[in-house]
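Read-outs throughout are calculated quantities, based only on the coordinates presented, and are distinct from any laboratory measurement. On a predicted model such as this, the values are computed, not experimentally measured, just so you know. Cβ placement follows ideal geometry from the backbone for every residue including glycine, while neighbour counts extend to all protein chains displayed.
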Amino acid sequence: MQPLLKASEDSAQPAAAKCSVAVLDAVPAVIWFIRRRMRAQRKGLSIPQFRALCLIRWQPAANISAVAEHLGASLPTASRLIGGLETKGLLRRRGCKDDRRQVELIITLQGAAVMDGARWATLAEMEAEMMGLNERQRDLITRAMGLLHGVFDPAVPSAAASAVRPTATARGGTRLTTPKL
C-alpha cells in the first residue's frame with residue numbers, strides 16, 4: 001500500500017496535466033478573438049504600431065529596445081515606427097533622468113484614447129459572447145481567470161487585476177490605477 005501523501009501526489013499530477021491541456025487548448029481561441037476585435041479598432045494604425053502602443057501602455061518604462069524586441073524588429077525599424085507614433089501625437093519620448101542615453105516612451109492622452117476605445121469595444125463584444133453562458137458558467141470563468149492570473153503573473157494580485165484601469169497623468173502620460181471596490 002502507498003503512503004497517503006504519495007497517492008495524493010500521483011492523483012494531482014494527472015489533474016494538473018488535464019488542466020494544463022485545457023488551458024493550452026482554450027487560450028489560443030480567446031487570444032485570436034481578442035486580437036481580431038482589438039485590431040478592428042486600431043484607428044488607421046498599422047498592426048506593428050498598434051502592438052507597440054499596447055506594449056507602451058501596459059509597460060510604462062518601455063524603451064525603443066523593448067518595442068523592437070516585442071515586435072521582433074530591428075532597432076532602426078522600431079525607432080522609425082516610434083517616430084511615426086510620435087508624429088501622430090500618440091506618444092512622446094522623454095529622456096531618462098537616471099541614464100541620459102536612455103529614452104522613455106510615454107503614451108499621450110490621444111494614444112490612451114485610441115487604446116481605451118479598442119479595449120472597451122473589445123470588452124463589449126466579449127460581454128455579448130459571454131451572455132450565451134449562464135450566470136454560474138460566467139462566475140466559474142471569472143474565478144478561473146483570477147486563478148490563472150495569479151499563477152502566471154504573481155506580481156499583480158488576481159482579485160484586483162480585472163479592476164485595473166489606465167488613467168491620465170498630469171504630464172500627458174498614463175498610469176494604471178485600481179478603483180476602490
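With semi-axes defined as the square roots of five times the eigenvalues of the C-alpha gyration tensor, the equivalent ellipsoid of segment 1-128 measures 39, 21, 12 Å, largest first. Annotation for segment 52-89 versus segment 106-156: alpha-carbon center distance of 24 Å. Label-point separation (nm) for residue 65 and residue 133, each offset 7 Å from Cα along Cα-to-Cβ? My value for the distance between the label points is 4.0 nm. In straight-distance terms, cross-link reach from residue 18 covers every one of the aspartates and glutamates whose alpha-carbon lies under 20 Å from its own, apart from those fewer than eight places away in the same chain; here that gives 9, 10.
By the rule of a C-alpha distance below 20 Å, with chain neighbours fewer than 8 residues away ignored, the aspartates and glutamates paired with residue 43 are 86, 116, 125.
With a Förster radius of 41 Å applied to the beta-carbon distance between residue 26 and residue 100, the computed FRET efficiency rounds to 0.35. A Förster distance of 35 Å, applied to the separation of the beta-carbon atoms of residue 113 and residue 141, puts the FRET efficiency at 0.75.
Tally Lys/Arg at +1 and Asp/Glu at -1 over every other residue whose Cβ is under 15 Å from the Cβ of residue 143; what's the total? My count for the surroundings of residue 143 gives 0.
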